[in-house]
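The block underneath contains the structure these notes are about, expressed in structure tokens.
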Amino acid sequence: MEKGNAPCPRIVEIQRLFLCYTSEQTMLPASAIVRFLKTEQVELTANEEMAKRLIATYEIEETARESRSMTCEGFMRYMESKDCCAFDQAHTSVYQNMDQPLTNYFISSSHNTYLTGDQLIGKSHLNAYICALRKGCRCIELDCWNGPDLEPIVHHGYTLTTKLLFKDVIATVEQHAFEVSAYPVILSIENHCSKNQQKVMAKWLISILGEKLLRSPLDQPTTGDLPSPNDLKYKILVKNKKLKAEGAARTEAEENTDEGEDEDDEVEVEEEEEEEEEEEEHRQNKAKFWSPRKARSKRKKKKVAVAEALSDLVVYTRPVKFISFRHSKDKQNFQENTSMTEKKARKLAKASGADFVQHTQKFLSRIYPAGTRTTSTNYNPQEFWNVGSQLVTLNFQTRGLPMDLNNGRFQDNGGCGYVLKPAVLVSGQRNFDPSCSQRSQRSQSSLKPINLIIKVFGASNLPLSRSGKALDSFVRVEIHGIASDSCRNSTHIVKNNSLSPHWNTTMKFNISVPELCLVRFCVRQQTGFFSSDFVGQYTLPFTSLKKGYRWVPLRFRDRCSPDPASLFIFVSY
């Protein structure tokens with residue numbers, strides 16, 4: 001049994017607010033509602049019309065409605081509605097400028113999209129693509145290999161993951177690509193197929209996707225920039241190696257990687273496979289079914305012949321090998337993009353953060369998990385958003401902090417899968433380095449640091465523990481941003497109370513680059529003196545966090561609550 005019968009802290013605080021603004025009256029008039037909205041909720045555009053709308057929406061007592069007033073019960077309904085959610089409801093629709101080049105957006109991206117489990121023996125399933133697309137994912141991955149009867153297949157090579165027919169994957173994408181978002185989908189193809197099977201791939205792409213498939217550059221003036229999400233609405237782009245144009249000059253990168261071969265129809269296999277060579281043996285050694293013969297063969301064959309029919313379908317997303325930031329600046333075309341493993345990207349971000357930012361201002365950059373993550377774990381995506389990488393790919397099937405952050409980032413802008421990067425990451429006039437200290441960031445006059453204050457009053461309707469007992473819980477508030485901004489603070493522990501734990505704790509955070517930050521509210525259960533378990537969480541961009549008295553909806557992973565669970569907080573900055 002839970003201790004005591006203390007009322008919910010949210011109810012107590014809402015009743016206090018109601019009495020504070022009624023001026024000893026029994027109801028809250030419209031003028032007092034306006035004053036409350038402006039003073040407490042920082043709704044600066046609040047007026048009597050807004051107050052009347054709230055009364056009409058949340059007040060059910062006829063006498064109060066006729067007098068343009070609100071009872072305590074009506075005020076309670078308003079305070080527990082979406083109008084008082086911590087997440088700005090204006091951001092549940094597309095509200096950002098969608099006419100900028102693709103390079104100016106974070107793009108929700110999936111790694112090994114076909115998998116429902118680990119990378120060694122996990123199952124591949126079409127539902128994995130459906131789930132990713134319904135979450136707003138706009139860049140999905142297809143690892144393509146030769147299949148029987150000249151039908152290409154999708155699976156994780158040299159493992160026991162199950163296989164999907166390429167044509168079935170494309171049919172699934174065609175059906176679900178634009179269910180939740182009208183903005184372009186990128187098919188990131190890791191191509192290991194023969195030329196004949198690539199021709200089959202091209203045939204299915206064209207016949208199944210039809211007009212949705214982008215097959216040629218858009219008919220618009222060339223500006224040197226990629227098209228915008230609006231330009232590419234309802235279009236599917238193919239990211240695959242592309243043959244060199246006939247007569248085109250050979251770049252230094254092509255000279256360096258030819259290794260004495262001069263076949264124009266042979267190019268390097270997708271970067272992900274090349275750059276994982278140092279990790280490939282580790283991955284295959286962990287698999288009991290590893291074949292040394294296959295591994296040696298794979299390492300020797302660095303090139304695949306690209307079929308012209310498939311090459312012709314690559315328009316704005318041609319992958320090229322990353323050499324250096326200087327090489328990209330001098331040689332890379334705006335239609336070309338690079339991919340690199342998390343290890344390499346992390347090293348570059350720490351050593352040359354400003355150069356990395358300048359690179360992603362011009363080119364699409366894709367980051368993917370290390371090959372050693374055989375159980376499909378994820379890295380923290382924030383470190384690569386900090387340098388402006390657009391395609392930060394994660395294993396969507398793996399729950400945990402990285403996917404919480406990804407879901408939080410991309411619930412913004414209507415969940416459309418494209419989120420405009422902060423100005424500090426897209427303006428070529430700034431020399432932003434996310435690895436610098438807070439003091440260095442503040443020295444840049446364009447940045448406006450803030451002092452964030454969050455008061456956590458309490459929670460409602462937390463689930464019981466796995467043993468069926470009430471929780472010994474606390475709340476951890478985390479800031480995820482550049483390294484110097486990232487921090488966390490916690491409330492004290494309230495024992496044996498899942499129904500309405502009350503913390504009444506105030507936390508303060510100094511944030512130098514708030515536009516990049518995510519705020520994560522995490523409820524945890526104390527299990528030992530230095531240990532705790534995850535209970536529920538909610539993550540949102542700082543720019544979507546509303547001021548004032550707000551409730552935070554909690555999301556659980558493996559536990560259920562009979563009623564919607566939430567936190568009640570106050571936010572100011």
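Set the Förster distance to 35 Å, then compute FRET efficiency between Glu211 and Asn380 from the Cβ-Cβ distance, nearest 0.05. Spell out each step's value before the answer.
On the way: r = 39 Å, r/R0 = 1.11.
After rounding, the FRET efficiency stands at 0.35.
The phi-based Karplus calculation (6.51 cos²θ - 1.76 cosθ + 1.60; θ = phi - 60°) puts the 3J(HN,Hα) values of the range 389-398 at 4, 7, 9, 8, 8, 10, 7, 5, 7, 9 Hz, whole numbers, x for Gly and Pro. Whole-Hz Karplus values for the range 491-508 come out as 7, 6, 9, 9, 8, 6, 8, 9, 6, 7, x, 10, 9, 6, 10, 9, 10, 10 Hz, taken residue by residue from phi with 6.51 cos²θ - 1.76 cosθ + 1.60 and θ = phi - 60°; glycine and proline positions read x. Checking the cross-link pairs Lys455/Lys508; Lys199/Lys233; Lys244/Lys331; Lys52/Lys547; Lys241/Lys321; Lys421/Lys547 against a 19 Å limit on the alpha carbon distance flags Lys199/Lys233; Lys52/Lys547; Lys421/Lys547 as lying beyond it.
The heavy atoms of Glu48 present about 90 square angstrom of accessible area, all protein chains included, probe 1.4 Å. Between amide H atoms placed 1.01 Å from N, distances below 5 Å from Met70 occur with Leu28, all of them 5 or more places distant or on a separate chain. Relative to the longest principal axis of the Cα atoms of the chain, the long axis of helix 401-410 makes an angle of roughly 80 degrees. Using the Cβ-Cβ distance between Arg555 and His492 with R0 = 25 Å, the FRET efficiency computed as 1/(1 + (r/R0)^6) comes to roughly 0.60. Highest-first packing order for the peptide set 13-20, 127-134, 535-542 is 535-542, 127-134, 13-20, based on the mean count of other beta carbon atoms within 10 Å.
Would you please give the FRET efficiency between Ile450 and Arg53, computed as 1/(1 + (r/R0)^6) with r the Cβ-Cβ distance and R0 = 41 Å, to the nearest 0.05? Walk me through the numbers on the way to the answer.
On the way: r = 30 Å, r/R0 = 0.74.
Efficiency computed from Cβ-Cβ geometry: 0.85.
Placing a pseudo-label 7 Å from each Cα along the Cα-to-Cβ vector at Thr39 and Val180 gives an inter-label distance of 4.1 nm. Note on the range 1-123: dipole from Cβ charges, positive end direction compared against Phe18, Leu54, Leu120; the farthest Cα belongs to Leu120.
Only DSSP H runs of four or more residues enter the estimate; each adds -39500 (n - 2.57), and after division by the residues of the chain the mean residue ellipticity at 222 nm equals -8000 deg cm²/dmol. Could you state the angle between the C-alpha long axis of helix 353-362 and the longest principal axis of the C-alpha atoms of the chain, as a value from 0 to 90 degrees rounded to the nearest 10? With both axes taken from Cα atoms, the answer is about 80 degrees.
Please work out which option in (i) 26.5, 89; (ii) 25.7, 85; (iii) 23.5, 89 gives Rg and Dmax of the Cα atoms in Å calculated from these coordinates, and answer with its label. Recomputing Rg and Dmax of the Cα atoms in Å here picks out (i).
For the pair Glu66 and Asn461, the difference between a 0.36 nm per residue extended length and the Cα-Cα distance amounts to 138.7 nm.
Each label point was placed 7 Å from the Cα along the Cα-to-Cβ direction; for Ala309 and Phe325 their separation is 4.3 nm. Surface calculation, 1.4 Å probe, protein heavy atoms: Glu80 sits at approximately 80 Å² accessible. In the context of the full protein assembly, Cys436 retains an accessible surface of approximately 50 Å², using a probe radius of 1.4 Å and ignoring ligands and nucleic acids. The stretch between Phe530 and Lys244, if pulled fully straight at 0.36 nm per residue, gains 97.1 nm over its current Cα-Cα span. In order along the range 117-124, phi translates into HN-Hα couplings of x, 7, 8, 9, 10, x, 8, 9 Hz, rounded to whole numbers, per the Karplus curve 6.51 cos²θ - 1.76 cosθ + 1.60 with θ = phi - 60° and x for Gly and Pro.
The values are calculated or read from the model by the stated rules, or taken from the named source; none is laboratory data. Source: prediction; values computed, not measured. Please note: Cβ atoms are built from the backbone with ideal geometry, for glycine as well, and neighbour counts cover all protein chains shown. We work out accessible area using only protein heavy atoms, side chains counted, and drop any ligands, DNA or RNA first. Shrake-Rupley method; radii C 1.70, N 1.55, O 1.52, S 1.80 Å.
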